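Peer 1: Dropping the structure in here first, questions after.
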Amino acid sequence: MIQALEATEEPAANSIDRFQDYLYQNSFSQNTIASYLTAVRQYHNHYPRINQQYLNEFKVYLIDHYKPQTINLRIRGLNCYLEFLHREDLRLATIKTQQKPFLENVISEADYLYFKNCLLHDKEMYWYFVIRFLAATGARVSELTQIKVEHVKTGYLDLYSKGGKLRRIYIPAPLQKEALAWLKGISRTSGFIFVNPRGERITSRGIAVHLKKLGAKYGLDPTVIYPHSFRHRFAKSFLERYSDLSMLADLMGHESIETTRIYLRKTSTEQQAIINRIVDW
């Protein structure tokens, strides 16, 4: 249960509600909002008020219980909350993480083509276009569910991130043509493309769960069958064909080009294949 702040401070529940409104007003993604609120609620479940001592103790708690990536995500959430409270002076530093010298769990281009062809053969057109859009646009799964028929017709979708920064997700001409034919065939003339049987936008989890089932059906490695894997595939395939890292960073919506540099690395499978081919001494 969320404990109250000191009597002189706003109750935690109230500040969290206002923080949630702030995140929505500033166009944070649904996933970011959920993770930031988790961080803030977790903090208030442990500590009665906001001060440097408690924040430092909470950071130690995170280090003792979570992996570096999760720790830094919680810290970013808390720092955003502190900024919202105008307490930037209490911001916590993130921890250093050692990045692996290879990419992990990225679907290969061969497996992507195999998966795509299996879905096409079995007339699983809805799921065929789910992975087509993910792999051909680089969209996050939360962004995929925002694509409408109108966007397919124009060939792009404009999204605004925190701070009002514009990101354009392009729909390549071959995919645009193929998707419009499919949409016409199912009499879909407007609105969201990827909906559930009730006509509501499908959830990110709904997509992830069903892709796992389809991957298992076709004998694919389950570790590479998840929505973000296809976004990774987009980035890898883009750089293999057009080696402009700066443009890729823009297309991916990365704030720093350093984030994009990971796609210059080989996957562990690719590294193994190269070693097997060239090492003859």
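The values are calculated or read from the model by the stated rules, or taken from the named source; none is laboratory data. Being a predicted model, the structure only gives us computed values, none of them experimental. Positions of Cβ are backbone-derived with ideal geometry, glycine not excepted, and every protein chain shown enters the neighbour counts. Accessible surface is based on the protein model in full, side chains and every heavy atom, while ligands, DNA and RNA are left aside. Shrake-Rupley method; radii C 1.70, N 1.55, O 1.52, S 1.80 Å.
Peer 1: Between beta-carbons, use under 14 Å as the cut-off and find the net charge around ILE207, counting Lys and Arg +1, Asp and Glu -1.
Peer 2: Here the charged neighbours net out to +4.
Peer 1: Using unit Cβ charges (K, R positive; D, E negative) and no other charged atoms, how large, in debye to the nearest 20, is the dipole of segment 119-239 about its Cα centre?
Peer 2: Charge dipole of segment 119-239: 220 debye, to the nearest 20.
Peer 1: Using only the Cα atoms, what convex hull volume per residue in Å³ does segment 204-259 have?
Peer 2: Given the Cα convex hull of segment 204-259, per-residue volume reads 95 Å³.
Peer 1: Long-range amide H contacts for VAL195: which residues qualify at under 5 Å (H placed 1.01 Å from N, peptide plane, sequence gap of 5 or more or a different chain)?
Peer 2: ILE202
Peer 1: Same structure again: For the chain, what does the helix formula give at 222 nm: sum of -39500 (n - 2.57) over DSSP H segments with n ≥ 4, over the residue count, nearest 500 deg cm²/dmol?
Peer 2: -18000 deg cm²/dmol
Peer 1: If we sort 52-61, 122-131 on the protection proxy, mean other Cβ atoms within 10 Å, highest first, what's the order?
Peer 2: Details: 52-61: 14.2, 122-131: 18.1.
For the peptides 52-61, 122-131, the packing ranking is 122-131, 52-61.
Peer 1: Calculate the dipole size of the chain relative to its Cα centre from +1 charges on Lys and Arg beta carbons and -1 charges on Asp and Glu beta carbons; express the result in debye to the nearest 20.
Peer 2: The calculation lands at about 740 debye.
Peer 1: Any chance you could give the angle, 0 to 90 degrees and rounded to 10, that helix 109-121 forms with the longest Cα principal axis of the chain?
Peer 2: Tilt of helix 109-121: around 70 degrees.
Peer 1: For segment 133-281, what D do you get in µm² per second when you plug the Kirkwood radius from alpha-carbon pairs into Stokes-Einstein at 20 °C and 1.002 mPa s?
Peer 2: The diffusion coefficient I find is 124 µm²/s.
Peer 1: Turning to a different aspect of this structure: How large a share of the accessible area of segment 238-280, in percent, is made up of carbon and sulfur atoms when the probe is 1.4 Å and the other protein chains stay in place?
Peer 2: Carbon and sulfur: 50 percent of the exposed surface of segment 238-280.
Peer 1: Can you tell me the 0 to 90 degree angle between the C-alpha axis of helix 52-65 and the longest principal axis of the chain, rounded to 10?
Peer 2: So the inclination is approximately 40 degrees.
Peer 1: Here is a follow-up. What angle do you read, to the nearest 10 degrees and between 0 and 90, between the alpha-carbon axis of helix 204-217 and the longest principal axis of the chain?
Peer 2: For helix 204-217, the angle is close to 40 degrees.
Peer 1: Restricting to the chain, what percent of DSSP beta bridges are antiparallel, rounded to 5?
Peer 2: 90
Peer 1: Something else now. I'd like the projected area of the chain, averaged over all directions, using the convex hull of its alpha carbons. Report it in nm² with one decimal.
Peer 2: Its average projected convex-hull area is 18.8 nm².
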